[in-house]
Amino acid sequence: MSKTYVHAPGFVAGDRPKIVTSRFEFADSFTLERYLATDGYKGLRAALARPANEIHEDVKSATVLGRGGAGFPAGTKWGLTPQQVWPRYLVVNGDESEPGTYKDRLLMERDPHQLIEGCLIACYAAGLSQCFLYIRGEMALAQERVATALNEAYAAGYVGKNILGSKFSVDIILHWGAGAYVVGEETALIESLEGNRGMPRLKPPFFPAANGLYGQPTIVNNVETLANLPWLLCNGVAAYTAIGTKTSPGTRMVAVSGHVKRPGVYEIINGTTTFRDLIYGQEFCGGIRNDNALKTFVPGGGSAPWFTPDQLDLPFEASQVGPAGSMLGSGAVMVMDETTDIPAAALTLTHFYAHESCGKCTPCREGGTWLERILRRVVDGNGTDADLQQLLEVGAMICPGAFPHAANEKLGLTAVPFPYKMTTICFVGPSAFAPVHSALTLFRSEFEARVKKRVTIPVTAVGVSA
Amino acid sequence: MSRLNDTNVKLAREIIARYPRPKSALIPLLHLSQEQNGYITREAMQHLGELVGVTSAEVYGTASFYEMFKFEPVGKYLINICGTMSCALMGAEELMHHAEKKLGVRAGGTTQDGMFTLAHAECQAACTEAPTLQVNYRYRLRVTPADLDNLIDNLKAGKLNDEFPAHGVLAKVRQMIPAERAVGAKAPEDVTESPAWLDGKAAL
């Protein structure tokens with residue numbers, strides 16, 4: 001078949017190294033035929049030819065960082081399982097729903113075999129005997145593409161009993177989500193997979209690797225993380241670490257949305273690409289729409305504290321973005337230009353997290369709801385100056401102590417580094433506060449212009465002259 | 001009538017057998033039930049409880065947590081308009097107002113002919129193509145008010161039946177595991193040995 005370039009909606013290719021998006025340019029990228037014609041299942045064959053612990057060692061030394069949000073190295077995570085406790089499970093987190101983020105959906109829709117091969121390599125290396133592929137319910141096309149790919153792979157002998165004639169046997173079960181953001185948190189994902197309400201589990205234990213699905217050791221990995229493995233196995237650790245930096249090797253997929261000229265999902269080089277490259281670079285977004293000025297941007301999905309033009313030169317490197325007051329999260333940049341109504345923009349995110357709170361932890365259930373109500377009152381023009389203080393006080397009940405924010409020269413602010421302290425089990429609660437805090441810290445004047453001064457009525461005792 | 005029909009019971013048993021514990025199949029089975037009936041009924045929850053071995057209250061407990069399960073009839077087409085940040089920045093609110101006017105219902109409502117339910121949705125993971133909407137969880141991207149008018153007219157005229165199956169039908173393709181290839185699921189307590197391919201050597 002001739003190479004026909006098809007623009008996957010949202011995806012923009014480029015002249016850069018491609019690890020996970022190498023097949024996106026083919027119209028039939030999701031078929032087994034195309035996959036086999038482009039090194040498909042070669043990584044699995046390479047893995048099966050070597051002992052499992054060597055493959056695990058490879059993934060560890062390549063420092064394949066988790067792409068779900070926390071950025072924890074996959075190889076290290078696999079190593080946290082207790083010795084000699086069986087069975088161990090693999091749960092694939094395809095419940096992508098962080099505001100601004102979509103890369104897992106494209107990977108599932110456009111290259112499902114790559115994900116399947118990644119799952120197989122992980123199961124082989126870490127001794128995981130069953131794999132559950134949890135896909136967000138609202139992604140009908142991804143469900144269909146992965147189901148088709150799994151049916152093809154089972155029939156061709158890549159999944160199931162005695163894979164490729166070896167002793168390696170594993171089932172991959174496609175599982176459907178049903179609409180709940182919090183299920184993206186790994187312990188909530190496990191609860192949901194057990195058929196329960198998707199509420200995060202109390203920690204410790206901090207990792208499902210020790211106590212996960214059905215109380216067994218369970219590895220929860222993000223779709224993009226696993227999609228890296230076939231390339232790694234085909235090309236070797238040295239080729240992988242040659243891309244990007246020592247602490248952030250390889251590439252990562254980043255979705256840039258909002259007020260840019262060419263919004264899209266880009267596979268960028270990890271660790272060296274800066275936010276300026278991404279927002280203004282000609283091979284990426286090409287600048288702000290109508291050549292407007294950049295006001296602010298969210299660097300790592302809706303949960304991340306915001307950056308202003310002061311931080312444009314930071315690279316995609318967790319060790320620099322953290323101290324600067326935010327996080328890289330799930331690879332989503334949302335850009336706002338000078339015309340943006342900041343309080344209203346913050347409200348869309350706070351509404352999201354308040355709505356998605358599962359209700360397990362009081363500070364999130366109540367605090368998130370109140371943050372939204374108070375902020376809505378301010379946005380609607382019914383707020384008072386006391387409301388602004390109230391927002392910060394409610395936030396302090398979810399995240400006590402200093403909340404991370406970026407430095408700002410004009411406002412004379414120095415950065416408060418990531419992370420924050422929290423009174424909730426998972427990050428949904430703090431995420432409701434993050435946009436409020438960033439917006440209030442960086443753009444307080446816009447809030448002040450919106451609120452009325454609260455009238456203080458002087459109280460004088462009757463019969464006493466002033 | 002809202003219990004699973006015979007074909008679906010057979011499919012349900014196949015799905016249950018894929019999991020180490022039957023209750024894990026609950027969400028997939030709720031989808032199956034919603035596909036059959038358009039929404040989740042009391043009898044359906046009773047039946048699913050029987051199939052996986054829990055009470056119908058437990059089934060409701062799980063089902064009510066998830067946004068996609070509906071407990072009363074919704075329109076043939078569920079139109080979800082995203083309103084989270086990237087879409088809001090690109091005009092989602094105007095799009096919602098336009099949809100409300102066009103359909104004559106407020107967000108959350110169903111048209112009298114039972115064709116459309118209009119709803120606010122949270123981030124649909126297509127942020128660079130804002131504003132977005134989903135009809136029965138299938139995308140329309142960079143939607144203008146004119147696009148929306150067209151879409152609704154075409155849905156009404158039955159021109160898009162192939163692209164958008166009726167509400168409840170999630171994926172048109174299902175995973176089917178051939179019996180001779182399946183490893184099969186075992187309850188965790190029945191597995192005590194390390195996987196065969198590790199040759200008795202512990203993984204790291």
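Every number in this text was worked out from the coordinates using simple rules, so none of it is lab data. Source: prediction; values computed, not measured. Glycine also receives a Cβ, built like all others from the backbone with ideal geometry; neighbour counts cover every protein chain displayed.
Observations on the model:
- Degrees, to the nearest 10: A:428-442 long Cα axis against longest axis of chain A: 50
- For A:Phe11, residues with placed amide H under 5 Å, excluding near neighbours: A:Val265
- Average 1/r across all pairs of distinct alpha carbons in the protein assembly as shown, invert it, and you get the Kirkwood radius: 25.7 Å.
- Candidate aspartates and glutamates - alpha carbon under 15 Å from B:Lys70, same-chain residues fewer than 8 apart omitted: A:Glu138, B:Glu35, B:Glu43
- Rounded to whole Hz, the Karplus (6.51, -1.76, 1.60) HN-Hα couplings of the stretch B:106-111, x for glycine and proline: 7, 3, x, x, 10, 5
- Sorted largest first, extent of the stretch B:6-63 alpha carbons per principal axis (Å): 26, 23, 15
- The stretch A:444-453 - phi-based ³J(HN,Hα) in whole Hz, Karplus 6.51/-1.76/1.60, Gly and Pro as x: 4, 4, 5, 6, 4, 5, 8, 9, 8, 6
- Other-chain or far-sequence residues with amide H under 5 Å of A:Val260's (modelled H): A:Arg289
- Cα-based helix-to-principal-axis angle, A:342-356 vs chain A, degrees rounded to 10: 60
- Dipole moment magnitude, nearest 20 debye, chain A about Cα centre, only Lys, Arg, Asp, Glu C-beta charged: 460
- Packing-based order for B:35-47, A:339-351, B:150-162, A:120-132, using average beta carbon neighbours within 10 Å, highest first: A:120-132, A:339-351, B:35-47, B:150-162
- Order of A:Asp95, B:Asp113, B:Asp149, A:Asp171 under a 10 Å beta carbon neighbour criterion, fewest first: B:Asp113, B:Asp149, A:Asp171, A:Asp95
- Around B:Ser24: net Lys/Arg minus Asp/Glu count, Cβ-Cβ under 9 Å: +2
- When you filter the GluC sites (Glu not before Pro) in the stretch A:393-455 for DSSP loop state and at most 15 other Cβ atoms inside 10 Å of their Cβ, you are left with A:Glu409.
- Subset of A:Lys60/A:Lys246; A:Lys161/B:Lys186; A:Lys42/B:Lys186; A:Lys167/B:Lys23; A:Lys295/A:Lys410 violating a 18 Å alpha-carbon distance limit: A:Lys42/B:Lys186; A:Lys167/B:Lys23
- Crossing angle, helix A:229-241 versus chain A [Cα axis fit, 0-90 degrees, rounded to tens]: 70
- Scalar couplings 3J(HN,Hα) for the stretch B:125-140, obtained by applying the Karplus form with A = 6.51, B = -1.76, C = 1.60 to θ = phi - 60°, are 6, 8, 4, 6, 10, 6, x, 10, 9, 10, 10, 6, 6, 10, 6, 10 Hz; x denotes Gly and Pro.
- Inter-chain shielding of B:7-13 (mean C-beta neighbours from other protein chains, 10 Å cut-off): 0
- Of all DSSP beta bridges in the stretch A:32-241, antiparallel share, percent nearest 5: 10
- Taking amide H atoms as placed 1.01 Å from N in the peptide plane, the amide H of A:Thr218 lies under 5 Å from those of A:Tyr89, A:Ala209, A:Ala210, A:Asn211, A:Gly212, A:Leu213, each 5 or more residues away in sequence or on another chain.
- For the stretch A:72-209: rounded, prolate or oblate by the Cα gyration tensor [a/c cutoff 1.5]: oblate
- Distance between modelled label sites at A:Glu446 and A:Lys261, nm, 7 Å Cα→Cβ extension: 2.4
- For the residues of A:124-134, the average number of beta carbons from a partner chain within 10 Å of their own beta carbon is 4.
- Shape call, the stretch A:157-275: gyration tensor on alpha carbons, a/c limit 1.5: oblate
- Averaged over peptide A:162-169, the number of partner chain Cβ atoms lying within 10 Å of each residue's Cβ comes to 3.
- Convex hull of the stretch A:245-339 built on C-alpha atoms - directionally averaged projected area, nm²: 5.3
- 22 Å tail of the calculated P(r), the stretch B:77-156, as % of Cα pairs: 12
- Looking at the stretch B:97-180, the GluC sites (Glu not before Pro) that sit in a DSSP loop and have at most 13 other Cβ atoms within 10 Å of their own Cβ are B:Glu163, B:Glu180.
- Surrounding net charge for B:Asn8, when Lys and Arg each add one and Asp and Glu each subtract one, Cβ distance under 14 Å: -1
- Size of the stretch A:341-452 as Cα extents on the principal axes (Å, biggest first): 37, 32, 20
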